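Chemist: I'd like to ask some things about the structure below.
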Amino acid sequence: MLEIDQFDPEHFRLEPAPEAPTLPRPTKRRVGRIPRLNENYVRVPASWFTGGPRQSPFDQRGRLFLLLLHLSRFGARPVVLTSSVVKQLGITRQRRLQIIEQLEADGWVQITRDGRRALAVCPIVNAEGAETGLTSGTCQA
C-alpha cells in the first residue's frame, strides 16, 4: 500500500479536460405567439377531437376544424391536409374532401390548391371573417 507522509496538493490536482468544439446551434423557425383575441374563447383538449379514451362530443366536421385550428396554431400557418393528418380523426379521404369543401363554402377555411398535391388549408379565425368571408390575414400559404 502506498503511504503518503505529507499532504501534497499537487498530488491531488486534476488535469483540465480538453475543450469540446462548440457546434453552431440549429436555428428554429419560430411562428410566434398566438395573437390575442378580443372576444371570449374556449380551450378544448386535443384528446376530445383526436380519439381519446372517451367518445368525442364533436361530429366529423367539428373535429376536422378543431384539428385545423390546432395544427395551424390558430390560423398562423397553413396545414397541408394529407391522409395521415386526418387519420387520427377516423375520417376517410373522400369524406375529408367533402368536409373541407363545405367548410370553404361556408367561409370557415381558405384552401390553396396546387395541382394534384395535398391541399394547404388555413382556418379563418376572425369573428367577422366567419360572417363576411374575410380572411384573417395571418395565414400565408
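The values are calculated or read from the model by the stated rules, or taken from the named source; none is laboratory data. These numbers were taken from a predicted model, which means no experiment stands behind them. Note that each Cβ is placed from the backbone with ideal geometry, even for glycine, and that neighbours are counted across all protein chains shown.
Chemist: Being part of a loop (DSSP other than H, G, I, E, B), under 19 Å from ASN126 (Cβ atoms) and at pLDDT below 75, is that true of even one residue in segment 17-31?
Modeler: Let us first name the residues in segment 17-31 that are part of a loop (DSSP other than H, G, I, E, B), namely 17-31.
Filter once more, keeping what is under 19 Å from ASN126 (Cβ atoms): 31.
With the extra rule that they be at pLDDT below 75, the set shrinks to 31.
Yes; the residues of segment 17-31 include at least one that is part of a loop (DSSP other than H, G, I, E, B), under 19 Å from ASN126 (Cβ atoms) and at pLDDT below 75.
Chemist: Something else now. Would you check if ILE4 is modelled with pLDDT under 70 and surrounded by fewer than 10 Cβ atoms within 10 Å (Cβ to Cβ)? Working first, answer last.
Modeler: Numbers: modelled with pLDDT under 70: yes; surrounded by fewer than 10 Cβ atoms within 10 Å (Cβ to Cβ): yes.
It is true that ILE4 is modelled with pLDDT under 70 and surrounded by fewer than 10 Cβ atoms within 10 Å (Cβ to Cβ).
Chemist: If I filter segment 82-111 down to residues being assigned to a strand (DSSP E or B) and among the aliphatic types (A, V, I, L, M), which single residue comes out as nearest to ALA46 (Cα to Cα)?
Modeler: From segment 82-111, those assigned to a strand (DSSP E or B) are 109-111; that's our starting set.
From what's left, among the aliphatic types (A, V, I, L, M): 109, 111.
Numbers: VAL109: 19, ILE111: 23 Å.
Among residues in segment 82-111 that are assigned to a strand (DSSP E or B) and among the aliphatic types (A, V, I, L, M), the one nearest to ALA46 (Cα to Cα) is VAL109.
Chemist: Right, something else. Quick one: count up the residues across segment 48-85 that are closer than 13 Å to ALA120 by Cα and touching a helix residue (DSSP H, G or I) at 6+ places or on another chain (Cβ under 9 Å).
Modeler: Residues meeting the conditions: 8.
Chemist: Applying the selection to segment 65-107, what residues are surrounded by 19 or more Cβ atoms within 10 Å (Cβ to Cβ) and over 17 Å from the mean Cα position of the chain (by Cα)?
Modeler: ILE91, ARG96, ILE99, ILE100, LEU103
Chemist: Any idea how many residues of segment 112-141 are outside any loop (DSSP other than H, G, I, E, B) and at pLDDT 80 or above? First the steps, then the outcome.
Modeler: Initially, segment 112-141 is screened for residues outside any loop (DSSP other than H, G, I, E, B), giving 112, 119-123, 127-132.
This time we only want the ones that are at pLDDT 80 or above, so: 112, 119-123.
Counting residues in segment 112-141 that are outside any loop (DSSP other than H, G, I, E, B) and at pLDDT 80 or above gives 6.
Chemist: Among (1) buried (at least 16 other Cβ atoms within 10 Å of the Cβ); (2) within 19 Å of the chain's Cα centre (by Cα); (3) at pLDDT 85 or above; (4) assigned to a helix (DSSP H, G or I), which single condition is GLY62 missing?
Modeler: (1)
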